[in-house]
Every structure is written in C-alpha cells, then in structure tokens.
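S.K.: Below is a structure I'd like to ask you about.
Where a number appears in this text, it was derived from the coordinates with a stated rule and is not lab data. Because the structure is predicted, anything quoted here is derived from the model rather than measured. Every residue, glycine as well, gets a Cβ built from its backbone with ideal geometry; the counts of neighbours run over all protein chains shown.
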Amino acid sequence: MNVAVGSTNPVKVEAVERTLERFQSSITAVEVDSGVAEQPWSIGETVTGAENRARRALAATDADYGIGLEGGVARFDGVPGLSLIMWAAATDGNRIERGGGPTLRLPDEVARRLEDGAELGPVMDDRLGTAGIAERDGAAGVLTAGLTDRSRALGEAVACAFGPFVTTGNQATETSESH
Ligand SMILES: O=P(O)(O)OP(=O)(O)OP(=O)(O)OC[C@H]1O[C@@H](n2cnc3c(O)ncnc32)[C@H](O)[C@@H]1O
Ligand SMILES: [Mg+2]
C-alpha cells in the first residue's frame with residue numbers, strides 16, 4: 001500500500017507511519033498547499049486544510065491513498081479559552097473521510113498572541129526558547145508534560161480518518177464528498 005502525506009513536517013509523517021504501521025505501507029511526504037490560512041481559526045477551516053492536503057498529496061503521486069493533517073485553533077461553547085485542534089483527512093480518490101485528534105486548551109497569553117495574528121508554532125518557540133517545536137513534541141507535548149506529543153495526537157486523527165477504508169460493514173455510512 002502506497003500512502004502520500006500532504007506535508008514534509010516530520011511529526012506529521014511520523015504520525016502516519018506509526019498509525020499505519022500494521023499495513024507496512026510505503027509513505028511519501030509531499031509538500032502541498034493547504035489552501036487555507038497558515039493558522040486556521042475554526043473546525044471548518046482546519047478540516048478544509050486537511051482535505052486539500054489529502055487530495056493534493058494523492059494527485060501529486062501514484063499512491064493508493066492521500067492523507068492530510070492540519071492543526072488549527074477554535075473556541076467551543078462551554079469550554080473556556082482557545083483550544084488547539086487537529087484534523088486529518090484520507091482519500092482514495094473517490095471517497096474522502098475525516099477524523100479529529102485530541103483538543104487541548106492553550107494558555108491565555110498564547111491565545112492573545114494568536115488573536116493578534118501570530119502562528120502557534122513560532123509563539124510556542126518564542127515562549128520556550130526553542131526552534132521548531134512544532135516539528136517535535138509540539139504544543140500537545142509541552143502542555144501535557146509529555147503525557148502525549150504532537151505525533152501521537154495527530155496519529156489518533158489519522159486512525160479516525162483512515163479507519164473507514166479498512167473496516168468492513170461500514171459502506172452504508174454517508175461518506176464520499178457529501179455531508
Ligand atoms: O509544514 P506543515 O505541514 O504546514 O506543518 P505545520 O507545523 O505548519 O502544521 P499546520 O500548518 O497544520 O499547523 C498550523 C499552525 O499551527 C501550529 N501548530 C499546530 N499544532 C501545533 C503544535 O502541537 N505545536 C506547535 N505548533 C503547532 C503550526 O506550527 C502552524 O503554525
Ligand atoms: Mg503549516
């Protein structure tokens with residue numbers, strides 16, 4: 001099985017590799033345009049970014065599946081503060097499936113800087129004195145003291161998006177491009 005991932009960020013590639021390990025797939029990382037803002041600000045925009053990455057990664061290769069991962073932020077009714085969210089999309093060229101990963105609250109100071117137009121990766125680096133934390137443990141790792149990390153967190157979204165392609169008896173689910 002050949003899988004194309006729509007990003008060259010090593011944590012995203014690792015998330016796909018570890019989640020699909022059982023299939024011993026060959027994974028190709030392709031840099032594609034997400035088609036959304038560098039810092040998506042809603043579930044809808046984050047999912048669209050994941051979908052675009054999945055479709056474009058598949059279109060750029062001869063893989064069997066394209067997978068896209070996108071990080072974003074959003075506010076939820078009943079949940080204080082600004083949350084970090086992550087979504088995955090998987091496509092075989094006909095059908096596209098989506099799945100979400102964990103959600104966690106960002107510190108208010110980080111939220112304020114994002115409201116001023118900054119991107120999460122650079123803001124986290126600035127706070128921590130690191131370079132490229134988004135390509136390693138990520139906010140998910142730093143804000144949970146390593147109880148999880150960005151690659152594991154993204155991996156859960158990959159499992160949820162890719163799962164419908166390898167389960168049986170799931171064909172009646174309204175899937176494809178419809179809502
Ligand atoms: O090369 P790409 O695939 O674009 O990788 P990316 O790290 O930029 O990932 P996204 O575009 O999906 O994420 C949008 C923004 O949110 C940041 N981000 C998302 N999750 C993060 C995390 O766990 N830790 C730090 N930054 C994160 C990321 O660095 C971007 O600034
Ligand atoms: Mg990005």
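S.K.: Determine, for each peptide in 147-159, 45-57, 110-122, the mean count of other beta carbons within 10 angstrom over its residues, then list the peptides with the highest first.
M.R.: Numbers: 147-159: 22.1, 45-57: 24.2, 110-122: 15.6.
Result, highest mean first: 45-57, 147-159, 110-122.
S.K.: For labels at residue 147 and residue 128 in the simple 7 Å Cα→Cβ model, what's the distance in nm?
M.R.: 1.7
S.K.: Could you please state, rounded to a whole Å, how far the C-alpha centre of the range 63-130 is from the C-alpha centre of the range 1-28?
M.R.: About 19 Å separates the Cα centre of the range 63-130 from the one of the range 1-28.
S.K.: Here's another thing I want to ask about it. Under a Cβ-only charge scheme (Lys and Arg +1, Asp and Glu -1), can you give me the dipole magnitude of the range 52-179 about the Cα centre, in debye to the nearest 20?
M.R.: Using only the charged Cβ atoms, the result is roughly 80 debye.
S.K.: Over the Cα atoms, compute the radius of gyration (one decimal) and Dmax (the largest Cα-Cα distance, rounded to a whole number) for the range 1-117, in Å.
M.R.: Final numbers for Rg and Dmax: 14.8, 44 Å.
S.K.: Could I ask something else about it? Report relative contact order for the chain in percent, whole number only (criteria: Cα-Cα under 8 Å, sequence separation at least 6).
M.R.: Over the chain, the number comes to 21 percent.
S.K.: Another question about this same structure. In 10 Å bins starting at zero, report the fraction of Cα pairs in the range 31-179 per bin as a rounded %.
M.R.: 12, 39, 33, 14, 2
S.K.: Can you list which of the DSSP-assigned H helices in the chain have a Cα extent of 15 Å or more along the long axis and an average Kyte-Doolittle score of at least -0.5?
M.R.: Numbers: long enough: 43-59 (24 Å, -0.38); 150-166 (24 Å, 0.69).
Length and hydropathy pass: 43-59, 150-166.
S.K.: Fewest first, what order do 124, 86, 1 take by the number of other Cβ atoms within 10 Å?
M.R.: With the fewest neighbours first, 124, 86, 1 line up as 1, 124, 86.
S.K.: Further question: Suppose each label sits 7 Å from its Cα in the direction of the beta carbon; what would the residue 136-residue 115 distance come out to in nanometres?
M.R.: For residue 136 paired with residue 115, the spin-label model returns 3.1 nm.
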